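Here's the structure, in structure tokens; my notes come after.
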Amino acid sequence: MFRATLKSLLARKVRLVLSGLAVVLGVMFVSGAFVLTDTLGRSFDQVFADAYEDIDVNVAAKPKLAPGEMEGGGISPPLPAATVDRVRAVPGVADATGVVVAEGARLIGSNGKAVASFGPPQLGGNWLGESELVQLREGRGPQADDEIVINKALAEAGRVAVGDRVGVLTPLEPKEEFTIVGVFGYSGDRDSIGGANEIMFTTPTAQRLMLGEPDTFSSITVTAAGSMTDEALRDSVAAALGGEFQVKTGAQLSEDMASGLKDGLSFFNRILLGFAAVALLVGTFLILNTFSIIVAQRTRELALLRAVGASGRQVIGSVVLEAIAVGLIASVLGLAAGIGIGALLAYLFGTFAGLSLAGIAVPPSAVISAFAVGLVITVLAALLPALRASRIPPIAAMQDVATPDRPLTKITVGGAVVTSIGAALLFLGLSGNAGDNTLPTILGGVLFSFIGVALLTPLISRPVVALLGSVFSGSVPGKLGRLNSGRNPRRTAITAAALMVGIALVTGVTVILDSAKSSLAGLAEDNIKAELVIAGAATGPRPPTFDREVLDRAAAIPGVQLVNGTFGDLAQVGGQRTWVGASSDVSALRRIFGAKAAAGDIDRLAPDQMLVSSDVAESRGLTVGSTVPVQLARGDQRTYTVSGIYEGVPFLDPVTLPAEAARDFTLPQPIQGYIQLAPGTEVADVQPQVEALLVDSPEVSVADRNAFIEQQTGQFDVLLTMIRILLALAIVIAVLGIVNTLALSVLERTRELGLLRAIGLRRSQTMLMITVEAVVISVFGALLGVAVGTGLGAAVVEALRDEGITDLVLPWGQMGVFLGLAALVGVVAAVLPAVRAARINVLGAIAHD
């Protein structure tokens, strides 16, 4: 039986190639995700090991506000210069050096724009001279307060050189002009460490621009004396300084920094694995269909095996053995492809981010997942056809036709049950009643919904396919193609279901994002009563800011009625992490954003008062007169008194502090500015004057309200494009499914095609017949996808109604594009099967058994 199975497999190797390709692509995505994250993780380990290799021990103050998950490191308060002397006096310390380093120093390049960084930090610090790690490539170190040195990577990105006069933006001060006097690099001929852009000032200038206080440092590096170990020195320094300081070895710093980035990588890895799961779900449909068709074609062969003594168990084993062989080979090929795609993505990431990559390696997780996924998916997909094959009676060997089409009652009932389970899970997750399991519940609901719809599809495939095919029924080939596409509802349904998954996900995401864009745009139009907005698009972890003086100077422009600058940051409010804001003119909450007082006075704030939204007041039991402790990123904890409560309005922060509090925010400068004009004043008259005020802030611009709304919602288009690219793999696999179904159907109908050719069907007509069949199946799948995706998207939008997503937008134009592309996909998928059908030898086909 084993030899018979192997011979059967080799005889049908071409038939199994396409189904194997689906597994290859899915496994490639899974293993590639693990290879990518492993490579980047080891690269970050190496980067930070290099960055801290010449540090024995580092001393920093504990952050006032501990960072939350995915928020990066907290801001450590500056250390007084006297602390350096305290550390230097500790026994075992050979030397202690005060270091200034903080994020937010941006160079204005030769094109007049700030050099952007998408990910790696933009650091500003004090120049400490050359070392084993840091090496001057050109020029010298800064000596005057208006001199800087920059790393080689930044010099190339900004297209600047030694001797150039450039502008520098920092988080605490407006733009200042400096002369570049040196360019430095790192050991190993590296232009940067981890892609970071670095600007080094003299120590007093760095303290003023990056820390905001003279005679302070962000950290202290300590060198051990004699044979003292780093760990012993750390303990000695920590004991001498007390519990208000963080004292770590260089190895600990490296590990902590790398682990923070790895948390972000694990999130990225889960996204890739999610798309891999979608690809594998589609691949499962393809494999199931392939083995179903093959078993149907081998009815006589398997019945003959039963007639000569093979048991049902042996027949099952025969089909499963074929699945194992396909899954094993596909897993090997998928793992190899995954290693390649993981290495390619790592290379692109390293090139884009300026990251020096560690060597490509294959982690055990990639190998285990590749074979587990490839084998399990293939065997499970083949199991139902195998069970069906075991029930073939020996008498079937005498019949000329395969087993007749079976009733759809069981599969319809099963589909209704599975769909109901999916709908229940979606309702539970989207209604917020799933607790901490909201995301798994929603994903489970989507999975069950897809499977349930796929099971229900045979019930509707025949009438819908007949309706779609009627478009082509004007000719004999068109009529035959329509009849062929509807002759086996199960086969048509499962082929269309594969395409449905990809189209449904793209449609659903499009509905959600378009609805969010429309809702936010409508809310902004209704609630922002400002004709001009000052803002910039974030190109890094922090939004761009501008000088506070711009607000005062803009208010002096003729025709300007009100100017309000907004500030924002995360803070610890009453023991809970909360986003807080501040306004330069608190009356703007009512005059610009339309806030209404629910209690107290919301038009003014004393330095020790705060305003809260009605939602925050209700959830925390606050009333006018309540006192709340607030810890900001800088400064000591302060207690504020609630002086007013405003009804929740979109675009307003849940907590509003006095403008003076913004000086202790992570970014103490305004993030956005809103300008309200006097009646009769033209925007075109004021906008150029405000633009002139922003000449020293190239990262921000002033735009009218509509342009601002478009800028803020443009990020949804970027997200949608990324999702479409990732889901393209699932659609490619679905196209393979159509090709596979048609190719196997051509083999199955060899005698039928020969007879049609014998009675006068020309080759071109044969090709047209196959093409019509493919187009009908493809458009049917796209219609299913559009319908299911619209339903899922509408359900999510309805669930988000309380979050401000109130408009349901159906992208009719894109739906039409999807259907048009589906027809094109059908034409492309039909090419090879149609050519093969047209080349059938008529006499050989008639004699085919």
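Where does helix 409-430 land angle-wise versus the long Cα axis of the chain, in degrees 0 to 90, nearest 10? The helix 409-430 is inclined about 10 degrees to the chain.
Remark on Ala94: its backbone amide H falls under 5 Å from those of Thr223, Ala224, Ala225, a criterion applied only to residues 5 or more positions apart or on other chains, H modelled at 1.01 Å from N. Ranking Pro171, Asn437, Val690 by how far each Cα lies toward the positive end of the dipole of the chain (charges on Cβ) leaves Asn437 at the top. The GluC sites (Glu not before Pro) found in region 710-779 include none that occupy coil by DSSP while having at most 15 further C-beta atoms within 10 Å. Any chance you could give the angle, 0 to 90 degrees and rounded to 10, that helix 812-838 forms with the longest Cα principal axis of the chain? Between the helix axis and the principal axis of the chain, the angle is about 40 degrees. In this structure, Ser431 and Arg577 have a Cβ-Cβ separation that, at R0 = 22 Å, corresponds to a calculated FRET efficiency of about 0.30.
Packing-wise, with mean Cβ within 10 Å as the measure, how do 366-378, 572-584, 628-640 rank, highest first?
366-378, 572-584, 628-640
For the chain, the longest principal axis of the C-alpha atoms and the axis of helix 763-799 are separated by about 40°. Karplus-derived 3J(HN,Hα) values for region 458-463, using 6.51 cos²θ - 1.76 cosθ + 1.60 with θ = phi - 60°, are x, 5, 9, 5, 5, x Hz; glycine and proline are entered as x.
At an R0 of 60 angstrom, the distance between the Cβ atoms of Ala239 and Arg724 translates into a FRET efficiency of 0.55. In this simple spin-label approximation, Thr806 and Arg663 carry label points 7 Å from Cα along the Cα→Cβ vector, and these lie 4.0 nm apart.
Name the residue from Thr639, Leu677, Ile377 whose Cα lies farthest towards the positive end of the charge dipole of the chain, charges +1 on Cβ of Lys and Arg and -1 on Cβ of Asp and Glu. Farthest along the dipole direction, towards plus: Ile377. Think of each Lys and Arg Cβ as +1 and each Asp and Glu Cβ as -1; about the Cα centre, that makes the dipole of region 55-260 roughly 280 debye. Put simply, the amide H of Gln672, placed in the peptide plane, has neighbours under 5 Å in Thr566, leaving out anything fewer than 5 places away on its chain. Shown in residue order for region 511-523 are the 3J(HN,Hα) couplings computed by the Karplus curve 6.51 cos²θ - 1.76 cosθ + 1.60 at θ = phi - 60°: 4, 5, 5, 5, 5, 5, 4, 5, 5, 5, 5, x, 5 Hz (x for Gly and Pro).
The calculated 222 nm mean residue ellipticity attributable to helices in the chain amounts to -18500 deg cm²/dmol, summing -39500 (n - 2.57) over DSSP H runs of n ≥ 4 and dividing by all residues.
Each of Ile503, Ile723, Ile451 was scored by other Cβ atoms within 10 Å of its Cβ. Arranged with the fewest first, they read Ile723, Ile451, Ile503.
The charge dipole of the chain, taken about its Cα centre with unit charges on the Cβ atoms of Lys, Arg (+1), Asp and Glu (-1) only, comes to about 6540 debye. The stretch between Ser187 and Arg590 holds 139.4 nm of extra length on full extension. This uses 0.36 nm per residue minus the Cα-Cα distance.
In this structure, Gln561 and Glu173 have a Cβ-Cβ separation that, at R0 = 25 Å, corresponds to a calculated FRET efficiency of about 0.25.
Among Lys62/Lys152; Lys62/Lys175; Lys113/Lys152; Lys64/Lys248, which pairs are too far apart, with a Cα-Cα distance over 25 Å? Table pairs above 25 Å Cα-Cα are Lys62/Lys152; Lys62/Lys175.
Can you tell me how region 119-180 classifies by the Cα gyration tensor, rounded, prolate or oblate, using a/c under 1.5 as the rounded cut?
Verdict is rounded for region 119-180.
Projecting label points 7 angstrom from Cα along Cα→Cβ for Lys62 and Glu618 puts them 3.7 nm apart. The length gained by stretching the chain between Asn527 and Arg638 to full extension, at 0.36 nm per residue less their Cα-Cα distance, is 36.8 nm. Here the residues Thr627, Thr290, Thr666, Thr545, ranked from fewest to most Cβ neighbours within 10 Å of their Cβ, fall in the order Thr627, Thr666, Thr545, Thr290.
A simple spin-label model places the labels of Asp696 and Arg165 1.5 nm from each other, with each point 7 Å out along Cα-to-Cβ.
Read-outs: derived from the displayed coordinates by stated rules, not from any lab. Treat the numbers as computed from the prediction; the structure is a model and nothing was measured. Here the Cβ is made from the backbone with ideal geometry for all residues, glycine too, and neighbour counts use every protein chain on show.
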